[in-house]
Amino acid sequence: MDKELSSIFVIFGGTGDLTKRKLIPAIFSLMYEEKLPENFTIVSIGRREKTNEEYREDMYESVKKFSRFSLNDELWHKFSMRIFYKNFDFTSDKVGYKDLDTFLETMDTKHLTGGKRLYYLAVAPEFFEGIIRNLKSNGMVDKANGWQRIMIEKPFGSSLETARILNHNISKLIPEENIFRIDHYLGKEMIQNILAIRFGNSLFEPLWNANYIDNIQITSNELLGVENRGGYYENAGILKDMLQNHLLQMLTMIAMEPPVDFEPESIRDEKVKVLRSLRLFTAASFKENIVRGQYGEGEVDGKKAVAYREEDRVSPLSNTDTFIALKTYIDNFRWGGVPIYIRAGKRMNTKSTEIVIQFKKLPGINYYKDFNEVVHNLLVLKIQPEEGFFFQINAKKPGSEFKMEKVQLDYCQSCKYLNDSPEAYERLLLEAIRNNSSLFTRWDELEYSWKFIESIENQFKTTLHEYPNYSAGTSGPREAIDLIEKDGRQWWNTAAD
Ligand SMILES: NC(=O)c1ccc[n+]([C@@H]2O[C@H](COP(=O)([O-])OP(=O)(O)OC[C@H]3O[C@@H](n4cnc5c(N)ncnc54)[C@H](OP(=O)(O)O)[C@@H]3O)[C@@H](O)[C@H]2O)c1
């Protein structure tokens, strides 16, 4: 086991939802698979009064419920003895930070973790800067020994301006290479697989450009509404919850040039070029190319669903968007003129995230009337819930007549490797401990993605809302279908078809 991985994982927000559902189960899975050394230690911070034992009992329930591996007593005992809980108010308790530092140093001596600390900010965004400031002023991010890194949850800022201010302030406290900004989609198996499929197959890479690709579609549909996160969603909406981060990150992986090597900076250099080339919206292009929506009541999966405006902690007059469909372009040499269609929504009729590459039809088929029926070649990367890919080609239908038919090759990777695929947070935590920042968002990527979002938001402010404009359990507003059909194309959705 790599000695560098011996470290302390310090969670701010240790009693929160993210820690319970994702972080602790992810660390447990990493320990289960022996990817972390036995002296790896977890220190959680919250406000609630709890003893270590009480906290461990809570985490036992979380791991039982959310881990992909089943618990056994021996492993749990070993794991739980490495979990500690500290309660203090991280906004105002200066002594709390000093005590925490002393405790972490004691842990270093006891468990030989050598000053290596991964601080995870699983807290609301307004606390990011304050916590980092306190860590800095207590000498907790620039120790003489080991390394100290900070993982920051999304959202990073709420606009281009606030993201810039936040970045400006924290970059004075810690160097960029020690900041790991999370976009958990980058930890998903199939997002990683995009690079393998693109750069590992002579079949695809030569065709991966405007000469052969007709359009690219990214769809992310959810059955769920806002659940218990209405307060957060009211401020975020679909733009900041999905588009600014996950959807644009997927686009960068699909559209980037081959990096010179697999070093984090080489990959991120290529991703940022895609974001820089994204065409921004203007008042004129906005009208034609964006459809927004908010769900009304309806039926999802056979159950009645309330309208967004009736959800918990949502204003009855809310104008927050729960759906978006748009068409844009990447104005660079490879992608000039290829439309990029993106849509995402809550309370839709299917749960699926897919990227569709639609290839152009062969020219000249009109000379052979038998070829009139050929369909587009499609490569579909299935991100979730099913992981895998789907490839559509044309072939001859067996029989004495010369008739074409479409053939669909469907590979379900998650069916083949049942339970073998690590959860996104497992991969991300391990890579942060390994100091591999390629799965995290660099500041310039964020800055360009916020610029794109701002070009949409500026227009949103000037347009009228007539919400709700789609029923829960449908494919969104009718205008989203018109958006693509007016170009003579259609949305593909292999999960729904
Ligand atoms: N939950 C998710 O699925 C999810 C998904 C993606 C991103 N995120 C992001 O992850 C972050 C955390 O989300 P969450 O859902 O886990 O939030 P949460 O359930 O509200 O948890 C917040 C945590 O912060 C602690 N806390 C708040 N104020 C504190 C203070 N002054 N001093 C000490 N501790 C304090 C709370 O401790 P006490 O309760 O003990 O006071 C609790 O542990 C947010 O940035 C969110 O946007 C969450």
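At a glance:
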| item | result |
| --- | --- |
| Placed amide H near R181: partners under 5 Å, 5+ positions off or other chain | I152, T441 |
| Gain in span if fully extended, S266 to E53, counting 0.36 nm per residue against the direct Cα distance | 72.2 nm |
| Dipole of the chain, positive direction: furthest Cα of S414, H465, V356, with charges on the beta-carbon | H465 |
| With 10 Å bins from 0: P(r) over region 3-153, alpha-carbon pairs, percent | 11, 44, 37, 9, 0 |
| At most 13 other Cβ within 10 Å, DSSP loop - trypsin sites (Lys or Arg not before Pro), region 303-377 | R313 |
| Calculated FRET value between T91 and S315, using beta carbons and R₀ = 35 Å, to 0.05 | 0.85 |
| Scattering curve values for the chain, log₁₀ I(q)/I(0), Debye with Cα scatterers, q = 0.12, 0.13 Å⁻¹ | -1.18, -1.35 |
| Top positive-direction residue, dipole computed over region 3-153 with Cβ charges, set S44, G13, M140 | M140 |
| Where N is the number of residues in region 378-494, Cα Rg divided by 2.2 N^0.38 Å | 1.59 |
| Listed residue (I330, G302, N319) projecting farthest to the positive dipole end of region 300-356, Cβ model | G302 |
| Whole-number D in µm²/s for region 296-439 (Stokes-Einstein; Kirkwood sum over Cα pairs; 10 °C, 1.306 mPa s) | 79 |
| Theoretical FRET efficiency, 1/(1+(r/R0)^6), r = Cβ-Cβ of K461 and Y232, R0 22 Å, to 0.05 | 0.55 |
| Gap separating the Cα centres of region 81-132 and region 227-280, nearest whole Å | 30 |
| Potential extension, R434-K369 segment - 0.36 nm per residue separation minus Cα distance | 17.6 nm |
| Unsatisfied cross-links (Cα-Cα over 22 Å) in the set K22/K351; K20/K451; K154/K188; K65/K86 | K20/K451; K65/K86 |
| In region 402-462, the chymotrypsin sites (Phe, Trp or Tyr not before Pro) that fall in loop regions by DSSP, at most 13 other Cβ within 10 Å | F402, Y417 |
| Span from the region 412-490 Cα centroid across to the region 352-402 one, whole angstrom | 25 |
| Among beta bridges that DSSP assigns inside the chain, antiparallel share in %, nearest 5 | 55 |
| Counted charge near L118, where neighbours are those whose Cβ lies closer than 12 Å (Asp, Glu -1; Lys, Arg +1) | +2 |
| Value at 222 nm in deg cm²/dmol, rounded to 500, when DSSP H runs of n ≥ 4 in the chain each add -39,500 (n - 2.57) | -9500 deg cm²/dmol |
| Residue-count net charge about K451 - beta-carbon cut-off 13 Å; Lys, Arg +1, Asp, Glu -1 | -3 |
| Loop GluC sites (Glu not before Pro), region 401-466 (other Cβ atoms within 10 Å of the site Cβ: 15 or fewer; DSSP) | E401, E466 |
| Cα-centred dipole magnitude for the chain, charges only on beta-carbon of K, R (+1) and D, E (-1), debye, nearest 20 | 400 |
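Taken together, the values in this text are just the output of simple stated rules run on the coordinates, not laboratory data. Values in this document were obtained by computation on a predicted structure and should not be read as measured data. Because the Cβ atoms are built from the backbone with ideal geometry, glycine has one as well, and the counts that use them run over all protein chains shown.
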